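Report on the following structure.
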Amino acid sequence: MPYAHPEYLVDTEWVANHLKDAAVRIIESDEDPLLYAMGHIPGAAQVDWFSTLQDPLRRDFLSKEKFEEVASNLGITKDTTVVFYGDKSNWFACYALWLFQYYGYEKVRIMNGGRAKWEQEKRELVKDVPSFAKTTYQAKPADKSIRAFRDDVFKQIDSKKPLVDVRSPKEYSGELISMPAYPQEGATRGGHIPGAASIPWSQAVNEADSTFKTPEELTALYEGKGIKPDGDIIAYCRIGERSSLTWFVLKYLLGYKKVKNYDGSWTEWGNLVDAPIEK
Amino acid sequence: MSLPPKLQEIVDDIASMSREEKLETLIAYAESFPALPEWLKEERNKMEAVPECMTPVFLFGEKQPDGGIIFHFDIPPQSPTVRGLASILREGLNGCKPEEILAVPADFYLPMNLQEAVSQQRINGFTGVLAHMKHVAVPYLEKK
């Protein structure tokens, strides 16, 4: 059994063989933005979820126009194959891929195993920052079919459609809101969205090399928790990065048709007045 | 309230830097971050790492004959931002007396305006690391 859309995944060897391919742009997207400066794949550019992809004022992503500017500066056209990789099993690589898809960018890939696998294989890392000839990239209007807002979540609860909580078990139970001693990404309430299934993101990934699990394992994991291919699904975590990974798995590795990422996630829901919470 | 002189010096220095210089300073700190001394490695293995988002920060205090505390950190190289930020506290407070460490206000970092270089969520980590250092310092307070 193959993945539903295996073309969305490339391995480290493929990337190593396309370092000088002008039709390929490799982009690092990390949880820790300084990692790129410590050394990156030769020729790779960087996007940072905080300083590159977020609106500096509102809590939102870049506008379509700003996104076009970022893409143009990366020197990409609609024909460029864009390969994302990053730390933490590709959380933020999936997040960047999701945002590129949100603005209609089709030729996106994830490097299976991300930064960790590339390092494990002792492949080359460099500090040179590449520069690219600027293009004029035109994005498509935002694709709301892959992004859930809070009102979509209320409707999802009312219609009893599936929600997937991909956070760690203690965040799901409400025991933890964020990690001890790190008041990052805080919420004033703990727990989960009523009816959400708990399927931590990490269960989709092999711990040893950060690659995705096999199609058989992934099918058993999600279907075993009632998340079926014909479902109309919303995934969430705390800020939307871990659920981007689950979104990628469901949509491209398993071929589920209707999957949305709720990027507001727990930092919105756990702070929202009058929103129902289950513990 | 005044900060210990070394910490004050670092805060003033970083406050005067451009965004790029701040990033370069954090990178330089991260690259020169010292490894945990051998004699603490066994101690380190007894501690449990916290899973998920958070970078596991391990911290040990070693009391000096003059009553000051030397801090030893273990932070993985995969987390250069956390290393860089922790370095500010490590360099600024190493050798200080427990009383001085406990007197550092939790918002001491604000004048550095680091939020122009790294996300606010990361900067909040300062509060966590400083709280952790204070926790380590408490048992070393001299009995009056």
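Of the residues A:TYR95, A:TYR137, A:TYR103, A:TYR172, which single one is touching a His at 6+ places or on another chain (Cβ under 7 Å) and of a type outside the set (A, V, I, L, M, F, W, C)? Show your work before the answer.
Details: A:TYR95 fails: touching a His at 6+ places or on another chain (Cβ under 7 Å); A:TYR137 fails: touching a His at 6+ places or on another chain (Cβ under 7 Å); A:TYR103 fails: touching a His at 6+ places or on another chain (Cβ under 7 Å).
Unique residue meeting the criteria: A:TYR172.
Quick check on my filter: what residues within the stretch A:29-73 are more than 13 Å from every other protein chain (Cβ to nearest Cβ) and closer than 23 Å to A:VAL10 by Cα?
If the condition is that a residue be more than 13 Å from every other protein chain (Cβ to nearest Cβ) and closer than 23 Å to A:VAL10 by Cα, then A:SER29, A:ILE41, A:PRO42, A:GLY43, A:ALA44, A:ALA45, A:VAL47, A:ALA71 are the ones that fit.
Somewhere in the stretch A:136-150, is a residue in contact (Cβ under 8 Å) with a residue 24 or more places away in the chain and within 14 Å of chain B (Cβ to nearest Cβ)? Talk me through it step by step, then tell me what you get.
As a first pass, look at the stretch A:136-150 and keep what is in contact (Cβ under 8 Å) with a residue 24 or more places away in the chain: A:136-143, A:145-150.
This time we only want the ones that are within 14 Å of chain B (Cβ to nearest Cβ), so: none.
No, the stretch A:136-150 contains no residue that is in contact (Cβ under 8 Å) with a residue 24 or more places away in the chain and within 14 Å of chain B (Cβ to nearest Cβ).
Can you name the residue in the stretch B:73-99 that is in a loop (DSSP other than H, G, I, E, B), at pLDDT below 95 and surrounded by 18 or more Cβ atoms within 10 Å (Cβ to Cβ) and is also nearest to the chain's Cα centre (by Cα) among such residues?
Of the stretch B:73-99, the ones in a loop (DSSP other than H, G, I, E, B) are B:75-79, B:94-97.
Now narrow it down to the ones that are at pLDDT below 95: B:75-79.
When the remaining residues are screened for being surrounded by 18 or more Cβ atoms within 10 Å (Cβ to Cβ), the result is B:75, B:78-79.
Values: B:ILE75: 11, B:GLN78: 17, B:SER79: 14 Å.
Top of the filtered list is B:ILE75.
Does the stretch A:136-177 hold any residues that are within 30 Å of A:GLU69 (Cβ to Cβ) and surrounded by 20 or more Cβ atoms within 10 Å (Cβ to Cβ), and which are they? First the steps, then the outcome.
Just the residues of the stretch A:136-177 that are within 30 Å of A:GLU69 (Cβ to Cβ), to begin with: A:136-152.
Within the stretch A:136-177, A:TYR137, A:ALA139, A:ARG147, A:ALA148 meet the criteria.
Kindly check whether there is at least one residue in the stretch B:37-50 that is within 10 Å of another protein chain (Cβ to nearest Cβ) and closer than 30 Å to A:PRO169 by Cβ.
Kept after step one, since they are within 10 Å of another protein chain (Cβ to nearest Cβ), are these residues of the stretch B:37-50: B:50.
Narrowing the set further to residues that are closer than 30 Å to A:PRO169 by Cβ leaves B:50.
So far as the stretch B:37-50 goes, yes, one or more of its residues are within 10 Å of another protein chain (Cβ to nearest Cβ) and closer than 30 Å to A:PRO169 by Cβ.
For the stretch A:175-193, indicate whether the set of residues that are under 30 Å from A:PRO6 (Cβ atoms), modelled with pLDDT under 95 and within 19 Å of the chain's Cα centre (by Cα) is non-empty. First the steps, then the outcome.
Within the stretch A:175-193, the first condition is being under 30 Å from A:PRO6 (Cβ atoms), and the residues that meet it are none.
Checked the stretch A:175-193: no residue is under 30 Å from A:PRO6 (Cβ atoms), modelled with pLDDT under 95 and within 19 Å of the chain's Cα centre (by Cα).
Taking B:VAL82 as the residue in question, decide whether it is within 14 Å of chain A (Cβ to nearest Cβ) and either touching an Asp or Glu at 6+ places or on another chain (Cβ under 9 Å) or over 23 Å from A:ARG238 (Cβ atoms) (or both).
Values: within 14 Å of chain A (Cβ to nearest Cβ): yes; either touching an Asp or Glu at 6+ places or on another chain (Cβ under 9 Å) or over 23 Å from A:ARG238 (Cβ atoms) (or both): yes.
Against the criterion (within 14 Å of chain A (Cβ to nearest Cβ) and either touching an Asp or Glu at 6+ places or on another chain (Cβ under 9 Å) or over 23 Å from A:ARG238 (Cβ atoms) (or both)), B:VAL82 qualifies.
Which one of A:GLY231, A:GLY240, A:GLY255 is more than 17 Å from A:LEU97 (Cα to Cα) and touching a residue at least 60 places away in the same chain (Cβ under 8 Å)? I'd like the intermediate steps shown before the answer.
Working: A:GLY240 fails: more than 17 Å from A:LEU97 (Cα to Cα); A:GLY255 fails: more than 17 Å from A:LEU97 (Cα to Cα).
Criteria check complete, one pass: A:GLY231.
For the stretch B:51-72, does any single residue satisfy the condition of being part of a helix (DSSP H, G or I) and either away from every other protein chain (no Cβ under 12 Å) or modelled with pLDDT of 95 or more (or both)?
Of all residues in the stretch B:51-72, those part of a helix (DSSP H, G or I) come to none.
For the stretch B:51-72, residues part of a helix (DSSP H, G or I) and either away from every other protein chain (no Cβ under 12 Å) or modelled with pLDDT of 95 or more (or both): absent.
Just one of (1) under 21 Å from B:ALA137 (Cβ atoms); (2) more than 14 Å from every other protein chain (Cβ to nearest Cβ); (3) of a type in the set (Val, Ile, Thr) trips up B:ILE75, so point out which.
For B:ILE75, the failing item is (2).
Could we say that B:LYS134 is within 14 Å of chain A (Cβ to nearest Cβ), of a type outside the set (Val, Ile, Thr) and more than 22 Å from A:ASP32 (Cβ to Cβ) here?
Details: within 14 Å of chain A (Cβ to nearest Cβ): yes; of a type outside the set (Val, Ile, Thr): yes; more than 22 Å from A:ASP32 (Cβ to Cβ): yes.
Judged against the criteria, B:LYS134 is a match.
State the number of residues belonging to the stretch A:60-85 that are part of a loop (DSSP other than H, G, I, E, B), on the phi < 0 side of the Ramachandran plot and buried (at least 17 other Cβ atoms within 10 Å of the Cβ).
4
List the residue pairs whose Cβ atoms are under 6 Å apart, where the first residue sits in the stretch B:120-131 and is more than 7 Å from every other protein chain (Cβ to nearest Cβ), the second is in a helix (DSSP H, G or I) and surrounded by fewer than 19 Cβ atoms within 10 Å (Cβ to Cβ), and the two are 6 or more positions apart or on different chains.
Sorted first by the residue in the stretch B:120-131, then by its partner, the pairs are B:ILE123/B:GLN115.
Suppose we filter A:LEU19, A:LEU57, A:LEU34 for residues that are at negative phi, outside the structural domain of A:ASN206 (by TED's automatic domain parsing) and touching a residue at least 24 places away in the same chain (Cβ under 8 Å); which single one remains? Reasoning before the result, please.
Working: A:LEU57 fails: touching a residue at least 24 places away in the same chain (Cβ under 8 Å); A:LEU34 fails: touching a residue at least 24 places away in the same chain (Cβ under 8 Å).
A:LEU19 is the lone residue from the list that is at negative phi, outside the structural domain of A:ASN206 (by TED's automatic domain parsing) and touching a residue at least 24 places away in the same chain (Cβ under 8 Å).
Of all residues being β-branched (Val, Ile, Thr) and within 22 Å of A:GLY264 (Cβ to Cβ) in the stretch A:21-59, which is surrounded by the most Cβ atoms within 10 Å (Cβ to Cβ)? Just the residue, please. It would help to see each step written out before you state the result.
Taking the stretch A:21-59 and keeping what is β-branched (Val, Ile, Thr), we get A:24, A:26-27, A:41, A:47, A:52.
This time we only want the ones that are within 22 Å of A:GLY264 (Cβ to Cβ), so: A:47, A:52.
Working: A:VAL47: 24, A:THR52: 20.
Among residues in the stretch A:21-59 that are β-branched (Val, Ile, Thr) and within 22 Å of A:GLY264 (Cβ to Cβ), the one surrounded by the most Cβ atoms within 10 Å (Cβ to Cβ) is A:VAL47.
The values are calculated or read from the model by the stated rules, or taken from the named source; none is laboratory data. Keep in mind that what you see is a predicted model, and the values were worked out from it rather than measured. Using ideal geometry, Cβ is built from the backbone for each residue, glycine included, and neighbour counts are taken over all protein chains shown.
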